[in-house]
Amino acid sequence: MARDLLTDFELMILLAILRVGEHAYGVPIAREIETTGRRNVILGAVYAALERLETNGLVSSRMGNPSPERGGRAKRFFDVTPQGLKAVKETQRSLVALWKGVAQLKGGTA
Amino acid sequence: MMAPTPPRLACALLDRLALDNEPLAGDLLEEFQRRQSKLWLWRQLVAALVMQALYAPHPPVSLNLTPVDPVVAEWLMAKRLYKKKTVNLTGSGVEGIGGLTLVILGFMMTTVIPAIWWFVVGGIGAGLALGIVRVKMRKGLHSQIRRFADW
C-alpha cells in the first residue's frame, strides 16, 4: 500500500504527462511542470524519474523519429499506464485526506 | 533567423550524452534553441551528465580473479561450494588496510593526538630491540649446538 504513493516530483511528472496528452516527451513535460507547477526543473532529473517510473510500470515509452532541429536525435514519448493512473489517484486520496481538517490551512491560499 | 548553435565543447558533451540517452540530448538542444541561453544549457548539461554517471545502470564487469564466471561463483559461494579467495592488491601486510588508509590514519593521528606518535616510535624501538635480542639468542643457540655437535 505504502509503495503506491508517489513522491511530489513523480506525481508532478505523471500529472504533466496526463495534461500534455499524446505527444508527451521531455521538453513539454518539463515546460508543463515549470509553467503550471511553478517549479524549475532539470531535464536530466525528469528523465531519471521517468526511468524509475517506467521500471515500476507506471509509465510506458515509445521512440519517435529523429528530427533535424534536435540534431537528428529522436524523441521519446511517454504515456501513463493504468497502474500509473491508479497510483496518481491513490496519492491524491491520501493527500486530500491529510489536507482535510487542518485548521492552519483554512481560509487562505498562502 | 538562424537557429543558435551551442558552444563547441557543449556540442561534444551533447554527443557524449547522446550515446547513453539520445532523447535527452535532443531535448536539451531543442530547448536551447528556444531559450537561447548558454548558461541554461551548461547548467542542464552538467546536471544531466552527473545524473547519467550516478544513475545509469552499470553492468558488473569481471576482473577475472576467479577461475569461474562471477555469476556462477556467486551462486557457488551462496551454496558454500566455493571458498572465496581475497586478493590483496594494496601492498599492505594487514588485510583490508591499504597504503592510502595508512596515510589517512597517520594524518588523523597527527591532527587529533600527535602525542600518540611517541607510542609508535616506542613500539618501533621495542620491536627492533626485540629483533636484535632474538637474533643474538639464535646465534648463541646455533654456536652452542655446533659446539655440542663437535663434541
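The values are calculated or read from the model by the stated rules, or taken from the named source; none is laboratory data. Computed from a prediction, not measured in an experiment: that's the story for all the values here. Note: ideal-geometry Cβ built from the backbone for every residue, glycine included; neighbour counts use all protein chains shown.
Considering the stretch B:31-48 alone, what residues qualify as being surrounded by fewer than 17 Cβ atoms within 10 Å (Cβ to Cβ), more than 7 Å from chain A (Cβ to nearest Cβ) and among the hydrophobic types (A, V, I, L, M, F, W, C)?
B:39, B:40, B:42, B:46
Kindly indicate whether any position in the stretch A:46-68 is at pLDDT 95 or above, closer than 28 Å to residue B:22 by Cβ and in contact with a His (Cβ under 8 Å, 6 or more places away or on another chain).
no
Conditions: (1) in contact (Cβ under 8 Å) with a residue 40 or more places away in the chain; (2) farther than 26 Å from residue B:24 by Cβ. Residue A:101 meets all but one. Number of the miss?
Going through (1) in contact (Cβ under 8 Å) with a residue 40 or more places away in the chain; (2) farther than 26 Å from residue B:24 by Cβ one by one, residue A:101 breaks only (1).
For residues that are out of contact with any Gly (no Cβ under 8 Å at 6 or more places or on another chain) and either surrounded by fewer than 16 Cβ atoms within 10 Å (Cβ to Cβ) or touching a residue at least 12 places away in the same chain (Cβ under 8 Å) (or both), tally how many sit in the stretch B:1-30.
Selection size over the stretch B:1-30: 20.
Can you tell which of B:86, B:110, B:66 is modelled with pLDDT of 60 or more, in a loop (DSSP other than H, G, I, E, B) and hydroxyl-bearing (Ser, Thr, Tyr)?
B:86
Does residue A:85 meet the test of being within 25 Å of residue B:19 (Cα to Cα), more than 10 Å from chain B (Cβ to nearest Cβ), assigned to a helix (DSSP H, G or I) and not hydroxyl-bearing (Ser, Thr, Tyr)?
The answer is no for residue A:85.
Condition test on residue B:53, is it within 14 Å of chain A (Cβ to nearest Cβ), at pLDDT below 90 and at negative phi?
yes
Only one of these conditions is not met by residue A:64: (1) in a loop (DSSP other than H, G, I, E, B); (2) of a type in the set (Gly, Ala, Ser); (3) surrounded by 13 or more Cβ atoms within 10 Å (Cβ to Cβ). Which number is it?
For residue A:64, the failing item is (1).
Take the stretch A:33-59 and flag every residue that is touching a residue at least 40 places away in the same chain (Cβ under 8 Å), part of a helix (DSSP H, G or I) and either among the polar types (S, T, N, Q) or touching a strand residue (DSSP E or B) at 6+ places or on another chain (Cβ under 7 Å) (or both).
A:53
Could you please find all residues in the stretch A:1-14 being at pLDDT 90 or above and surrounded by fewer than 20 Cβ atoms within 10 Å (Cβ to Cβ)?
Listed by number, the residues that qualify are A:7, A:8, A:9, A:11.
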